[in-house]
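S.K.: Below: one structure in structure tokens.
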Amino acid sequence: MSANTPNFSPKQALFIEEYLVDLNATAAAKRAGYSPKTAYSLGQRLLKKAEIQAAIRERREKLSDDINLTQQDILKGLLSEAVFMDLGSSHAARISAWKELGKILGHYELDNLQKGNAELMTRAEFVTDLMSSIKATTGLPKPRPRQLPKPRKKK
């Protein structure tokens, strides 16, 4: 289903496009022409609709395909910025890059770790390997492997 599908009102179609700008439902609702007073609740309600979710997912995939960008490219770029300490680099940029890496990899979602999410462990291993390869080319200290908690058994 596309944002251009006749099933969407013009405002809904615009909301889909605007949401992809900054992933902020409230701001997207306002930019799509919804009332600023109801933008927060309406943005959240629109995001819960399966058709809207499908259209957003489809547009994101198309945008990603159009620029040929993978999640691995994003992680490598962020990690490169996080460890870059040379003329022109800033402390704030490094902190921001580390913060984004933590979000993407789910390190702020303790529930995922406690549930033993295998995908999360794979991502953490990926970053450790990536850090090691960057260390080899930049001379940074080798990262310590992160010990993930063992999954809890369901009762």
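The values are calculated or read from the model by the stated rules, or taken from the named source; none is laboratory data. Source: prediction; values computed, not measured. Positions of Cβ are backbone-derived with ideal geometry, glycine not excepted, and every protein chain shown enters the neighbour counts.
S.K.: Return yes or no: is Tyr34 surrounded by 14 or more Cβ atoms within 10 Å (Cβ to Cβ), in a loop (DSSP other than H, G, I, E, B) and not assigned by TED's automatic domain parsing to the domain that holds Glu100?
M.R.: yes
S.K.: Test Lys49 against the criterion of being free of Cβ contacts under 8 Å to residues at least 60 places away in the same chain and either crowded, with 18+ Cβ neighbours inside 10 Å or outside the structural domain of Ile95 (by TED's automatic domain parsing) (or both), and give yes or no.
M.R.: Criteria met by Lys49.
S.K.: Identify, please: which residue in the stretch 55-84 is among the hydrophobic types (A, V, I, L, M, F, W, C) and within 21 Å of Lys30 (Cα to Cα) and is, among those, surrounded by the fewest Cβ atoms within 10 Å (Cβ to Cβ)? Talk me through it step by step, then tell me what you get.
M.R.: First, pick out the residues of the stretch 55-84 that are among the hydrophobic types (A, V, I, L, M, F, W, C): 55-56, 63, 67, 69, 74-75, 78-79, 82-84.
Imposing the further condition that a residue be within 21 Å of Lys30 (Cα to Cα) reduces the set to 55-56.
On the way: Ala55: 24, Ile56: 20.
My answer is Ile56.
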